[in-house]
Amino acid sequence: MPDINPLLQHWQLPPWSAVRAEHLLPAVEYIVADNQLIIDNVIATQVDHPNWDDVVIAIDEADARLAETMAIIEFLTVIHSDDADWLLQSALSSNAAARFSATRSSHRGLLETCQRLAKSSIAASFSDSRKISLAKILRRFRLAGTELPAAQRAQLAQLNEDIDLQEKRFLANLAATNAAWYKHIDDQTVLEGLTPDVQAHLAANAKQAGLSGWRLTLNQHTFEQIMTHAQNRALREEYFKAYYTRASDQGPTARRFDNEPVLARLLVSRHAKAKLLGFDNFAQLRLHNRMATHTDQVSRFLHQQIALNAAQLARDTAELRVFARQWGIEQVQAWDQDFLAEQLRLQQLDGALHDLREYFPLNATLRSLCRFGEHLFGITLVEDPQGERLDDQVRLFEVSEHGQPIGYIYIDPFHRDTGSDYAWTGVLRNRRITAEGRPVLPIASLQSNFTAAAAGHPDLLSHQDLRVLLHELGHCLHHVLTRSPHYNLSGISQLSRDAAEFTGQLFEHWARSGEFLRWLGTHHETSERLGEAQINRALLALGAQRSRDTAMLLMSALLDFELHRSQGDGRSVQQVFDEVQGVFPHLQLPAECRFANSCDYLATGYEASLYAYKWSGVLASEAFKRFEREGMFNEQTGRDLRETLLSGDMKSLPEALHAFLGQPINPELFAALPD
């Protein structure tokens, strides 16, 4: 392989600008072949006296090289989404990597080598973190079916292939539905209530499509804007039904991209996989490394949270019904609820949240959040405008301590038409220590979905945008602040979902702190600070009519978990949804709603795990109480948070929280969490 392939060179930061389509498959094939040689060598040489460096670190280095290369390819594929050659080479590379990963994860020879290491006399003197790392390696082999008889291993391989195929079909159908629907508007009065920057964005969409006026497409941000602000009720109804019938047998693209049979087959294959591995169902399989140990425990927790929210949801619903008459609405529909709630907040609190946007310009807010991270954790965050980046939209920040870099964070703030329809944190590299004792620095990427302002207008963040930014920044800081030397313990990608979401949920709490908002908010034109009266009004608005948001999250989590827990009981996906929805009568979703068909969490790694958002949210609320007692900017509290919860040591999340809070978590918070 010629040395000119940038994906095969050593790099400190990804060589974004140097990678071309012709580099992808040759690099992946070279790395796969090299990794196979490494595995063969480990098995051949580590027979009599296996040791940590020549088994675990050797395999970790091989795994990391392939994972980092694939991460670069996947990020770049978003940029090159209109390049047919790139897409082909990317797909071929993904297939080659997936085939090797499947072989490697179920390699019996490698498993036996790791088992010999675990049983060796040297393993008895391993540090606790090495023991945990090695136990995790062995557990992953078991969950890959490596110990199964040959016929069952072959059956599992077929199931895994089918699961991967159905997940891709699910997401492809959803993307096709989103692309197939749009609404062209030539009368600006139809858009009354939408902010000027949102209207400008919709006008830019139309211009890009060669149209005059405004063009609406199906994406999460536009959905939120229409449902919350559009005064035209017919527009809200049309958009709501188009959005919640995506990839289904209903709505404007009915039966063209129907995910019902795809999801049904996906659930069957996941259930069969779980049974083959010795679990009752796929939901129980997903709990193998979680705080909850049984599906009944998760179900009790979700129903407990539903009950806690029910009274407020009933009060909020009744209040909306009375208020709706001011808008001439006698029967409140699902597409009315967010709009009426916003109008009620505006009436009661004089536009407190809308005015808040003026105080959170994106650039200044990012700079302030960097200072906040520096103060809290004793680090330095410096933007590097000259560093290697994906494109000019992306920003690069170096994280350092004592004058030495310890990691990097990319921030990609704006929604990309070909990117994901939600904000997320991507992992480009995990921290680890090589056999030579050199640290390899972690890299995280904050992928947001903000709508860029029109030319000549500042990029201003709504309070919801601020929450998103803090949530994902929490993930990024968690990833780069780890001190773990072990590849499979380092960073957020190695955590279970209930632990991985904790830091993001924790950081959201600062967005609801009056003290923090007073420090952070500065008017983008006058530099005036947010006043106490403004903040108090805003916090009241943030707390008003929010029970429906909680109910929607809980409904999503209960549907996800029930689909995977009860598979095989004879109910269809829609029947399960109808029964789950019956627990939430105040949500009033229409009969043609096909919620599960467009719930991308079901095919993006969160399957049977959506409950973790609420679970980790309860834990985050408990952790934040210490900041409430000791101060939002208390340095010692921040340092303790870093040492106990972000360092990546061997503690479980409950153990780490015990150390941070000085007391164990109350088990009643989790519907009788076992001791």
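No value in this document is a laboratory result; all are computed from the given coordinates. Bear in mind that the values here come from a model prediction, so they are computed numbers and not experimental data. Please note: Cβ atoms are built from the backbone with ideal geometry, for glycine as well, and neighbour counts cover all protein chains shown.
How big is the C-alpha Rg of the chain next to the rule-of-thumb value 2.2 N^0.38 Å, as a ratio?
0.97
Give, as a single signed number, the net charge of other residues whose beta carbon lies under 12 Å from the beta carbon of L313, with Lys and Arg counted +1 and Asp and Glu -1. Don't jump to the answer; show the numbers that get you there.
Working: positive: R315, R546, R548; negative: D316, E319, D549.
Around L313, the surrounding residues sum to 0.
Using the Karplus curve 6.51 cos²θ - 1.76 cosθ + 1.60 with θ = phi - 60°, what ³J(HN,Hα) values do you get for each residue of the range 234-239, in whole Hz, with x for Gly and Pro?
5, 5, 4, 4, 4, 5
Give the value in nm², to one decimal: projected area of the alpha carbon convex hull of the range 432-480, averaged over all directions. Before the final figure, lay out each step's value.
Values: hull surface 18.9 nm².
For the range 432-480, averaging the hull's shadow over all directions gives 4.7 nm².
For the range 278-288, just list the computed ³J(HN,Hα) in residue order, Karplus coefficients 6.51, -1.76 and 1.60, θ = phi - 60°, integers in Hz, with x standing in for Gly and Pro.
With the stated coefficients, the range 278-288 comes to x, 9, 5, 6, 5, 4, 5, 4, 5, 8, 4 Hz.
When the convex hull of the C-alpha atoms of the range 212-281 is computed, what volume per residue in Å³ does it have?
On the way: hull volume 9.4 nm³, N = 70.
Expressed per residue, the convex hull around the Cα atoms of the range 212-281 is 135 Å³.
What's the long-distance tail for the range 474-529, i.e. % of Cα pairs beyond 18 Å?
50
Using 27 Å as the Cα-Cα cut-off, could you pick out the over-long pairs in K168/K241; K168/K275; K136/K273; K241/K275; K136/K625; K614/K651? Mind showing how you got there, number by number?
Values: K168/K241 24 Å; K168/K275 23 Å; K136/K273 20 Å; K241/K275 37 Å; K136/K625 32 Å; K614/K651 21 Å.
Result: K241/K275; K136/K625 exceed 27 Å.
On each of the three principal axes of the Cα atoms of the range 281-370, give max minus min coordinate, whole Å, ordered largest first.
49, 46, 20
What does the highest-first list of 95-106, 164-175, 119-130 look like by mean Cβ count within 10 Å?
Values: 95-106: 16.8, 164-175: 18.7, 119-130: 12.5.
Result, highest mean first: 164-175, 95-106, 119-130.
What nm value, rounded to one decimal, do you get for the distance between Q348 and Q333 when each label is placed 7 Å out toward the C-beta?
Simple spin-label model gives 2.5 nm for this pair.
Would you pull out the residues with amide H under 5 Å of N259's amide H, same chain only if 5 or more places away, H placed 1.01 Å from N?
Result for N259 returns S248.
According to the Kirkwood expression over distinct Cα-Cα pairs, how big is the hydrodynamic radius of the range 181-244, in Å? Write out the running numbers ahead of the final one.
Numbers: mean 1/r = 0.0868 Å⁻¹.
Computed over the range 181-244, the radius equals 11.5 Å.
Please work out how much length the chain gains when fully extended from E238 to H49, using 0.36 nm per residue of separation minus the C-alpha to C-alpha distance, in nm with one decimal.
On the way: separation 189, 0.36 × 189 = 68.04 nm, distance 6.84 nm.
Extra length available between E238 and H49 comes to 61.2 nm.
Over the Cα atoms of the range 6-147, what Rg and Dmax result, in angstrom?
17.2, 56
Per-residue ellipticity at 222 nm for the chain, helices alone: DSSP H runs ≥ 4 residues times -39500 (n - 2.57), over residue total, nearest 500 deg cm²/dmol? Mind showing how you got there, number by number?
On the way: 25 runs with 364 residues, N = 675.
Taken over the chain, the calculation gives -17500 deg cm²/dmol.
Placing +1 at every Lys and Arg Cβ and -1 at every Asp and Glu Cβ, with all other atoms neutral, what dipole size does the range 1-122 have around its Cα centre, in debye to the nearest 20? It would help to have the intermediate numbers written out before the result.
Numbers: 7 positive and 17 negative charges, 80 e Å.
It works out to roughly 380 debye.
Apply the Karplus curve 6.51 cos²θ - 1.76 cosθ + 1.60, θ = phi - 60°, to the phi angles in the range 523-537 and return the couplings in whole Hz, x for Gly and Pro.
4, 5, 9, 9, 6, 5, 7, 5, x, 4, 5, 4, 5, 4, 5
In Å and whole numbers, how far do the C-alpha atoms of the range 322-447 stretch along each principal axis, longest first?
72, 31, 26
Using +1 at the C-beta of Lys and Arg and -1 at the C-beta of Asp and Glu, which of N205, A234, A274 has the Cα lying farthest in the positive direction of the dipole of the chain?
Of N205, A234, A274, it is A274.
Quick check: net charge around G278, other residues with Cβ under 12 Å of its Cβ, Lys/Arg +1 and Asp/Glu -1? If you can, show how the numbers build up before the last one.
On the way: positive: R142, K273, K275; negative: E147, D280.
Neighbourhood net charge equals +1.
What net charge is computed for the residues neighbouring Y359, neighbours being all others with C-beta under 11 Å from the C-beta of Y359, Lys and Arg scored +1, Asp and Glu -1?
On the way: positive: R357, R518, R529; negative: D355, E358, E525, E528.
Taking every other residue near Y359 into account, the sum is -1.
Once the dipole of the chain is set up with Lys and Arg at +1 and Asp and Glu at -1 on Cβ about the Cα centre, which of M70, C114, A659 lies farthest towards its positive end?
So the residue we want is C114.
Please report the antiparallel percentage of the DSSP beta bridges confined to the chain, to the nearest 5.
Working: 24 of 30 bridges.
The antiparallel fraction comes to roughly 80 percent.
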